[in-house]
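Here the structure is laid out as structure tokens; the discussion comes afterwards.
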Amino acid sequence: MIMLLSCERPPVYVVYRSWDQGMLGKSVRRLAEPTVLEWVRNVWSDTAAQDTHDRLMRELGANVHGLDCLFSEGGPAPATMQELRTLARTRIPDVYQCNVDEHSVRVLANGLDHDVAYYLVDDAAVAADPGRWAFAVHDGPLPEVADHVAGATTFTPPLRVTELTERSPAEEGCVFAVLLTCKARHDSIGWDPTHALPGVRLSRFGAALRDVDASTEEWPEELRVLRVLVAPGEDGVAAALERCSRWPEHPRGSGEEHALPHSHAEALRLLETDRDGTVVRTGEHVAQMFVHGGHGTYEQWFFFDDRWAGAYPELASSLIWFAYHWDPLCSGDHLYLTPCSDNRARYVAVVGDDGQTHVRQALPLDEPRVWDLRRWSYEKQPPGDPMAGEVLGTVEIQLQQPSPDTCRLTEFTITRSRHGQAVADMLGRRVRQDLQEVGISRTTGWLPQNNLYPHGRRFLRVLGRIREGSDGAHVVIGG
């Protein structure tokens, strides 16, 4: 239980994370109610007297995608966060994932033009875990106050970062690059890893980028562009970022490859007029650029060194977390392109060291073999017996979605080899047992039928009884 030391009623934050919400890519509102549940109940009581969409627009200052649908169908207001969780998962449209605890609601959804996320969170929860929430609820650019850096402490990133080059043992410092970029319509919230250049601080970051004596092919395009736009003799990146604001924009998702120039002079010839709306801010230990992409959308580039991070450790940690996870409270222990979730379980049928196939919950170390299995679903699988560690089947399940006694199958892939039927049986038995233990009685939504998913029908028959209904087929677990 969180004990409040102040007698004041803590406010609620509503954070809407969308690329078209200003240069920060998010809007932040503080509300007067003491808890998320009380705010929801207050809005609920007002729905009969006024249009919910207009009320939310006035109070939140943004059209939070689908949130008004939570209130639109009437009925009794939720009395607990568990009831709110069920209603949110049932009513809010286009939801990929809805995570709820006693102090917050976190939603990832398919917006009209791109994915969006939003968070309703009590101030008490933010105060209790600022290393996860500080940046999400921060409204404005990062602080640049140099005096605060004097009391900086050692900073340790909350997640593994990708180092751009090896650290020199004789040099101190580290610059972190956090690039929030919209690569495509889907899977565009999160999945941005933090990169680091060790042995340097921001005042020498430009020179260090320019002088890196190693391959940069694995660097993100944004950092390679910044590197080539650092002029000879420049130490920092302020001027290079200004040049980046004039770099020609390439359509996202076009599949077209763009070769970067090899010299600074070549890069300068490609620059265009200033991109209207792009904002660049640079300080002694932090630099940030808000890149206007047209149609009111922005991407965000942040660069800060270890001294700034040591002065603002909670803000730095939460920014790194915010870049990679759409959900600030994600445990971080899930496979790539699996949404941060509190109700998803992935099973794998994997070959053990003993040569036998075992079914268990997936671990991050299984990810490369899961990708191999997906690839072999449309390419010819290599001949021969499977090797230890090879994944022969995988099933991902979204529990209690949309209601407490149902689940959705969100992914299903089984090997096309001679082992497929046995793997389907093993996965079906294990999944059926686990679902029955937690009170799940039926599936809803999409089912993996055999015409597209080999052995899907067999898996479903082991899982339970397939029944046809007015809304399509579903499975009664163990029935």
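Here are the numbers:
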| quantity | calculated |
| --- | --- |
| Extension reserve of the Met387-Trp446 stretch, reckoned as 0.36 nm per residue once the Cα distance is removed | 18.1 nm |
| Magnitude of the charge dipole, segment 12-128, Cβ model with Lys/Arg +1 and Asp/Glu -1, debye to 20 | 140 |
| Ranked packing of 438-448, 392-402, most packed first, by mean Cβ within 10 Å | 392-402, 438-448 |
| Amide H contacts of Thr410 (H built 1.01 Å from N, under 5 Å, at least 5 apart or other chain) | Glu396, Ile397, Gln398 |
| Net dipole in debye of the chain [+1 Lys, Arg Cβ; -1 Asp, Glu Cβ; about Cα centre; nearest 20] | 1720 |
| Residue among Gly22, Ala424, Thr216 farthest towards the positive dipole end of the chain, charges placed on Cβ | Ala424 |
| Antiparallel content of DSSP bridges confined to the chain, in %, to 5 | 95 |
| Listed residue (Tyr336, Thr273, Gln356) projecting farthest to the positive dipole end of the chain, Cβ model | Gln356 |
| 0 to 90° range, to nearest 10: angle between helix 81-91 axis and the chain longest Cα axis | 90 |
| Separation in nanometres of the label points that stand 7 Å from Cα toward Cβ, at Arg374 and Ser331 | 2.1 |
| Dipole-positive endmost among Ile440, Trp247, Ala388 within the chain (Cβ charges, Cα centre) | Ile440 |
| Calculated [θ] (222 nm, deg cm²/dmol) that DSSP helices of n ≥ 4 give over the chain, each run adding -39,500 (n - 2.57) | -7500 deg cm²/dmol |
| Helix 420-437 axis, angle to the chain major axis (alpha carbon atoms, nearest 10°) | 90 |
| Rounded to 10°, Cα long-axis angle of helix 36-46 versus longest principal axis of the chain | 80 |
| Unit charges on C-beta of K, R, D, E only; dipole of segment 344-477, Debye | 420 |
| Calculated from backbone phi, Karplus (6.51, -1.76, 1.60) coupling profile of segment 110-121 in Hz, x at Gly/Pro | 8, x, 5, 10, 6, 5, 9, 9, 8, 10, 10, 9 |
| Packing-based order for 90-99, 353-362, 369-378, using average beta carbon neighbours within 10 Å, highest first | 90-99, 369-378, 353-362 |
| Answer label, with Rg and Dmax of the Cα atoms in Å calculated from the coordinates and candidates [x] 21.7, 61; [y] 24.9, 79; [z] 24.9, 74 | [z] |
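None of the figures in this text is laboratory data; all of them are computed from the coordinates on show. Owing to the predicted nature of the structure, the values given are computational and were not obtained by experimental measurement. With ideal geometry, Cβ positions are generated from the backbone for all residues, glycine too; neighbour counts draw on all protein chains shown.
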